[in-house]
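Data first, discussion second: the structure below is written as structure tokens.
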Amino acid sequence: MHMKKGFIFDLDGVIVDTAKYHFLAWQNLANSLGISFSVEQNEQLKGVSRIRSLEKILAWGNKSISEEEFARLMHEKNEEYLQYISRMDTTEILPDVPRILDHLSTEKQGIALGSASKNARVILEKVQLIDKFHTIVDGTDVTKAKPDPEVFLIGSKQLNIAPEDCIVFEDSVAGVQAANAAHMISIGIGDASVLHEADYIFKDFTEINKEFINNLVSARKV
Ligand code: BG6
Ligand code: MG
């Protein structure tokens, strides 16, 4: 019997490595405020919304600013980030992502994006993967940030597939928690010591084979 599942992909850190561009833009902004910003701190911003990221940076630097200044800095950071992503192309797709997307498509599975980023569509266009997704849920569609399950629940609804029949690929702790809260199967992509709350963990998509995907198609989150 053919079973249809919903496979929901996070974007940043799962499909493309944009953390390096977020880092450059946040670092310039932090430095302009006299705040130092390290790669380790950038790690803590993975999966974290733009607003919350700036709040954290200001807290690390012990700085408080006006609402207007906050809005201006958010805009400035994004303008710089947009410059970096405008130069992205297909070479920036993470290993074996197209192989997995093509396999899911051949198997007639539901494919969605579930990202916190408001720049998700631009990035997917740049790397020419936008047409692989049946639906895209991004930072412009949600009111609650991960670890709230909202982004994935909207994805499941738009795919018309029950949450229990959805599988999420995530590289951030908040994202794995959001998938679990949505009662979906969570697959961590990255470091097992960081993503230990996930149902399954892989270093990257090269470790995921067809058999694993096909088993997921017949599994259900209990
Ligand atoms: C997440 C990233 O996917 O999107 C975060 O991991 C980022 O680092 C967040 O802050 C929001 O992205 P954007 O593109 O709307 O600033
Ligand atoms: Mg991510």
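See the values below:
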item: Residue in segment 119-128 that is more than 15 Å from ligand 1 (Cβ to nearest atom) and either of a type in the set (Asp, Glu) or open to solvent by less than 60 Å² (accessible area, probe 1.4 Å) (or both) present; result: no
item: Residues of segment 60-74 that turn out to be part of a helix (DSSP H, G or I) and open to solvent by 70 Å² or more (accessible area, probe 1.4 Å), as a count; result: 4
item: Residue within segment 93-116 that is open to solvent by less than 20 Å² (accessible area, probe 1.4 Å) and over 22 Å from PHE202 (Cα atoms) present; result: no
item: Hits in segment 121-180 - residues which are acidic (Asp, Glu) and outside any helix (DSSP H, G or I); result: ASP138, ASP141, ASP148, GLU170, ASP171
item: Top-ranked residue of segment 48-59 - restricted to ones that are hydrophobic (A, V, I, L, M, F, W, C) and surrounded by 15 or more Cβ atoms within 10 Å (Cβ to Cβ), ranked as nearest to ligand 2 (Cβ to nearest atom); result: VAL48
item: Of all residues making up segment 23-47, the number that are within 15 Å of ligand 1 (Cβ to nearest atom), under 17 Å from ASN78 (Cα atoms) and open to solvent by 40 Å² or more (accessible area, probe 1.4 Å); result: 4
item: Matching residues, segment 139-191, being among the acidic types (Asp, Glu) and within 12 Å of ligand 2 (Cβ to nearest atom); result: GLU170, ASP171
item: Answer from LEU45, LEU104, LEU11 - the residue that is in the same structural domain as PRO147 (by TED's automatic domain parsing) and within 16 Å of ligand 2 (Cβ to nearest atom); result: LEU11
item: Odd one out for HIS183 among (1) free of Cβ contacts under 8 Å to residues at least 60 places away in the same chain; (2) at negative phi; result: (2)
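The values are calculated or read from the model by the stated rules, or taken from the named source; none is laboratory data. This is a predicted model, so every value here is computed, not measured. So basically every Cβ, Gly included, is an ideal-geometry build from the backbone, and we count neighbours across all protein chains shown. These accessible areas exclude ligands, DNA and RNA; they are computed on the full protein's heavy atoms, side chains included. Shrake-Rupley method; radii C 1.70, N 1.55, O 1.52, S 1.80 Å.
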